[in-house]
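The values are calculated or read from the model by the stated rules, or taken from the named source; none is laboratory data. Keep in mind that this is a model prediction, so the values were computed, not measured. Using ideal geometry, Cβ is built from the backbone for each residue, glycine included, and neighbour counts are taken over all protein chains shown. In case anyone asks, the SASA skips ligands and DNA or RNA and just uses the protein heavy atoms, side chains included. Shrake-Rupley method; radii C 1.70, N 1.55, O 1.52, S 1.80 Å.
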Amino acid sequence: MSAALPAAARALAAVTPWVTALVLVCLLVRRLARGRVAAQTFRLVWLVLAIRLALPVDISLPAAPVQMQLPAAAAAQASPGAPEAPPAQQADSAGQAAPQEESGPAGLSWPELAVALPYVWAAGALVFLAFHAGAYVVFLSQLHARRVRETDDAVCSAVWLAFSRKTCIYRAAGLASPMLAGLWRPAVYLPEEVQVSELPYVLEHEASHREARDILYVFLLMAANAVHWFNPAVYAMVRTARRDMELACDEAV
């Protein structure tokens, strides 16, 4: 663990500049192509970027298995024109170079900072994940406390028709619009005042979320944001990706 954390931090430091530039380019292209490119296309772009951002590993090509290195003696023989220094001069040069080698670096602030940074990054990622996981758990607990099982046959039929399967349906006070919530088996939550005539398009939208596994998609975006909690470009990418996720479901409907 002690070796894995600095390695992950080094890989993160290596990938952050070019990934940040790529995210900014994609955000600019998305702004310029608004209305001319399907949101589903950008949704896939954000998915690929989020997968890469969530994996702080070095995927560069490995070094060659066989490397040729010229020995020092052969290098000296390869340049016969270079004059050799007399033994006394070599001894004087070695004596003059010795004090410089013993002096060492002037300060240790940067090495100490390099040792501490991986732990600061890991602590920030854990705090980010704990905050958002806690907020989601609180939201689900409040939703479960307010929910009531749906008993209207017409509403149940409309939901099951949209989802092509039997799904748990609840009414919940305080909701502005229908939504999916849950980890393993998401349920449909409806506002108390929703009417059957309003359901078809709204339910098709939520069914598109379920077919696209958008709950897992949001968790992946959060994981990428946690790894890059210090990068404002990633926050902008996550906000844009969630908007494109909603627009992609609207386009599917």
Considering only protein heavy atoms and a 1.4 Å probe, what is the carbon-and-sulfur percentage of the accessible area of the range 208-253? 61 percent
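At 1.4 Å probe size, with every protein chain present, just tell me what the per residue accessible area of the range 212-251 comes to in Å².
44 Å²
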Here the range 144-156 yields Karplus 3J(HN,Hα) values (6.51, -1.76, 1.60; θ = phi - 60°; whole Hz; Gly and Pro given as x) of 5, 5, 9, 7, 9, 4, 6, 10, 6, 5, 5, 5, 4
Rounded to one decimal in nm, the spacing of the 7 Å Cα→Cβ label points at Val29 and Ala116 is 4.0 nm
Could you tell me what a quarter of the Cα convex hull surface of the range 193-253 works out to, in nm² with one decimal place? 5.0 nm²
Net lengthening on full extension, Phe131/Trp160 (0.36 nm per residue, minus Cα-Cα): 7.0 nm
Considering the Cα positions of the range 105-253, please state its Rg to one decimal place and its Dmax as a whole number of Å. 20.6, 79
